[in-house]
1. Which one is surrounded by the most Cβ atoms within 10 Å (Cβ to Cβ), of the residues in the stretch 63-75 that are part of a loop (DSSP other than H, G, I, E, B) and not hydroxyl-bearing (S, T, Y)?
2. Among the residues of the stretch 76-133, write down those that are hydrophobic (A, V, I, L, M, F, W, C), closer than 20 Å to T149 by Cα and in a helix (DSSP H, G or I).
3. Being touching a residue at least 40 places away in the same chain (Cβ under 8 Å) and either polar (S, T, N, Q) or crowded, with 17+ Cβ neighbours inside 10 Å (or both) narrows it down to one residue among E122, E60, E141; which is it?
4. Would you be able to tell me the number of residues in the stretch 80-92 that are touching a strand residue (DSSP E or B) at 6+ places or on another chain (Cβ under 9 Å) and either surrounded by 18 or more Cβ atoms within 10 Å (Cβ to Cβ) or farther than 10 Å from T118 by Cα (or both)?
5. Could you say whether any residue in the stretch 130-153 is among the β-branched types (V, I, T), modelled with pLDDT of 95 or more and over 16 Å from the mean Cα position of the chain (by Cα)?
6. For the stretch 102-119, what are the residues that are polar (S, T, N, Q), surrounded by fewer than 18 Cβ atoms within 10 Å (Cβ to Cβ) and either modelled with pLDDT under 95 or on the phi < 0 side of the Ramachandran plot (or both)?
7. Taking the condition modelled with pLDDT under 95, of a type in the set (A, V, I, L, M), over 14 Å from the mean Cα position of the chain (by Cα) and on the phi < 0 side of the Ramachandran plot, does A96 pass?
8. List the number of the failed condition for D86; all other conditions in (1) under 28 Å from Q124 (Cβ atoms); (2) within 14 Å of the chain's Cα centre (by Cα) hold.
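The values are calculated or read from the model by the stated rules, or taken from the named source; none is laboratory data. Because the structure is a prediction, the values reported are computed rather than measured. Virtual Cβ from ideal backbone geometry, glycine too; neighbours counted across all protein chains shown.
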Amino acid sequence: MSGPGAPAQKPIDCHDLRAAIVAATWHEEVMDGLVAGAQEAMRHYQVEAPTLIRVPGTFELPVVAQALAAQGYDAVVALGVVIRGDTPHFDYVCSAATDGLTRVALDHQVAVGFGVLTCDNEQQALDRAGLEGSREDKGYEATAAALSTAATIKTIKRGYDA
C-alpha cells in the first residue's frame, strides 16, 4: 500500500478485534511518527484497547509478534526502521524481520501488519513516517492492512459463504 496505486480504503468496524502494535525504539523521531499513525488507525477502525509494546530494534519484532499471536491477538502491527549503512547488517536485519514476521502470520493464522521501513537514508524514513511534511504514513497503512486482513480471517473462520 505505497504511494501511487494504493487502494482507497475506508475504515471498517473492528471493535471486536484484539490488536497490538509492536514498535522498535531505534530512530526515535521516525518511530514516534509510525506509532502515532498506527494508533490513529486503531481509533479510526474502532479498536477499543490496542496493546502497545516497545522492543529495542527491528530484529526483535518477530519474536514479540509471535508471543502476541500465541496469546490470541487477531492482528499484530510490527513497526520498525532499518537504514542502510556501510555493512551488510542492513540486509541481515531486513531479511530476518521480513521472514520472521511472515512466519508468525502463517504459523498462527494471524494478520501481521508490516510497517518496517527499509530505507537507504534517514530522509526516506522521515518521508514515510507520517510526520508533518511526510509524503506517506506507513504506520497508519500497515495498521489498516492488518485490521482489514484480521476482519477477513475472522469472517472466514466463522464460515465465510462466498
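1. Residues of the stretch 63-75 that are part of a loop (DSSP other than H, G, I, E, B), as a first pass: 71-74.
From what's left, not hydroxyl-bearing (S, T, Y): 71-72, 74.
Working: Q71: 12, G72: 9, D74: 22.
Checking each candidate, the answer is D74.
2. A97, L101, V104, A105, L106, listed by residue number.
3. On the way: E122 fails: either polar (S, T, N, Q) or crowded, with 17+ Cβ neighbours inside 10 Å (or both); E60 fails: touching a residue at least 40 places away in the same chain (Cβ under 8 Å).
Answer to the selection: E141.
4. 4
5. Step one: list which residues in the stretch 130-153 are among the β-branched types (V, I, T), which gives 143, 149, 152-153.
Next, from what is left, pick out any that are modelled with pLDDT of 95 or more: 143, 149, 152-153.
After this cut, where a residue has to be over 16 Å from the mean Cα position of the chain (by Cα) as well, the list is 152-153.
Scanning the stretch 130-153 turns up at least one residue that is among the β-branched types (V, I, T), modelled with pLDDT of 95 or more and over 16 Å from the mean Cα position of the chain (by Cα).
6. Initial filter on the stretch 102-119 (polar (S, T, N, Q)): 102, 109, 118.
From what is left, the residues that are surrounded by fewer than 18 Cβ atoms within 10 Å (Cβ to Cβ) are 102, 109.
Matches in the stretch 102-119: T102 only.
7. Working: modelled with pLDDT under 95: no; of a type in the set (A, V, I, L, M): yes; over 14 Å from the mean Cα position of the chain (by Cα): yes; on the phi < 0 side of the Ramachandran plot: yes.
Judged against the criteria, A96 is not a match.
8. Every listed condition holds for D86 apart from (2).
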